[in-house]
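Derivation of every value follows stated rules applied to the coordinates shown; laboratory data play no part. No experiment lies behind these values; they were computed from the predicted model shown. Here the Cβ positions follow ideal geometry from the backbone for every residue, glycine too, while neighbour counts run over all protein chains shown.
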Amino acid sequence: MTFVVWARAAILALLAVCFAVPAGAQDARRIALSFDDVPRFQGGFMTPDERTIALIEGLKEAGVEQAAFFVTTGNLEDDYGAHGEARIQAYVDAGHVIANHSHSHGWLWNGDAAAYIADLDKAEAWLAGRPGKRPWYRFPYLDEGRDLERRDAVRAALRERGLRNGYVTVDLWDWAIDNLASEAIRDKREFDLGALGELYVETVVQGADFFDRTARATLGRSPVHVLLLHETDLNALFIADVVAGLEADGWTVVTIDEAYRDPIARAEPDTLHLGGGRVNALAAAAGRDPDGLAYARNDEAELKRLFEERVIVKGDK
Ligand SMILES: [Zn+2]
């Protein structure tokens, strides 16, 4: 190597050090997507079959390689669950994965732990052996129990079954915005679909940022996040916009398999403040005041106020 070439290489190496992104900001913030209550009841915009097609297309358009679909097997017995099995298969065929979200979608905090475990077993029996199946259990309502007895009984049951908690880190009330849109359609109120999309995307992105700030304050780093969404028409309409909004804000959407390889997947936070997702549980276990951990838009009155102000066309009753 001549001196000149060596010097150039040395200078380039030095520049690379000088202009390196500071530690912490180096890793792009990462997030994976998950959709609950599959097959979910019909929304206001389309049939459940159309919703599945649109959601798969939107995810593909956004370049989302692998999202999780958490199945509530009892929904298959409802009218809206017709073709539910085929729709679940369609998600898997598109590269996504499926996991357990109970059979009956009950609460744990006020229920019988043994009956609760039998219910998740019922869903597990339906899911067993299916392609794309993952060993994760997503607690309905993110309710992991409010007393040690129930909490620990279900934790032990999951361990015995080789199941892991399919936790979320970004807890969002996407379903509440979907409800507002469905009600507006039902009541024949005029609304602006573009404004609905903007409100929705903004709510997701601000939520992801909110929970990431809590994570950094608690863990000193940004974990790979898991975004809680539902199988709604809203997501069928806007998931590509949601992903574009996250990317514009500095996020990278990764696979759900990658998200659940984060070290926080192995945590069992020693707290009863478990209803706001894993980051909040870890923050509460670390001594932070749970009252300060709530995302302001996880509130139906606040979302309704924003919806009326920004989405409903002015002059409409
Ligand atoms: Zn659910």
Restricting to lysines and to Cα separations under 27 Å from residue 304, and discarding same-chain partners fewer than 8 apart, the set is 188, 314, 317
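For the chain, what relative contact order do you get, as a whole percent, if you take Cα pairs closer than 8 Å and at least 6 residues apart? Each step should come with its number before you reach the end.
Details: 504 pairs, mean separation 81.0, N = 317.
It comes to 26 percent, rounded to a whole number.
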In nm, the gap between the two label points placed 7 Å beyond Cα toward Cβ at residue 189 and residue 155 is 4.3
Amide H proximity to residue 298 below 5 Å, modelled H, separation 5+ or other chain, gives none
Any residue on another chain or 5+ positions along whose placed amide H is under 5 Å from the amide H of residue 191 is listed here as 313
In the range 116-200, the trypsin sites (Lys or Arg not before Pro) that sit in a DSSP loop and have at most 13 other Cβ atoms within 10 Å of their own Cβ are 188
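If you put +1 on each Lys and Arg Cβ and -1 on each Asp and Glu Cβ, how big is the dipole of the chain around its Cα centre, in Debye rounded to 20? Write out the running numbers ahead of the final one.
On the way: 35 positive and 52 negative charges, 226 e Å.
Dipole size: approximately 1080 debye.
At 222 nm, what value in deg cm²/dmol follows for the chain if DSSP H runs of at least 4 each add -39500 (n - 2.57) and the sum is divided by all its residues, to the nearest 500? Don't skip to the end; give the middle numbers.
Working: 11 runs with 147 residues, N = 317.
Here the helix-only value at 222 nm equals -15000 deg cm²/dmol.
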In the chain, whole DSSP H helices that both stretch 27 Å or further along their axis by alpha carbon positions and average at least -0.5 on the Kyte-Doolittle scale are 193-219
Projected onto the charge dipole of the chain (unit charges on the beta-carbon of Lys, Arg, Asp and Glu, signs +1, +1, -1, -1), the Cα from 106, 292, 225 with the largest positive-side position is that of 225
The set of residues whose placed amide H lies less than 5 Å from the amide H of residue 32, leaving out same-chain residues fewer than 5 positions away, is 225, 226, 227, 254
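Just how large is the dipole of the range 220-317 about the Cα centre, in debye to the nearest 20, putting +1 at every Lys and Arg Cβ and -1 at every Asp and Glu Cβ? Mind showing how you got there, number by number?
On the way: 11 positive and 18 negative charges, 34 e Å.
Dipole magnitude for the range 220-317 comes out near 160 debye.
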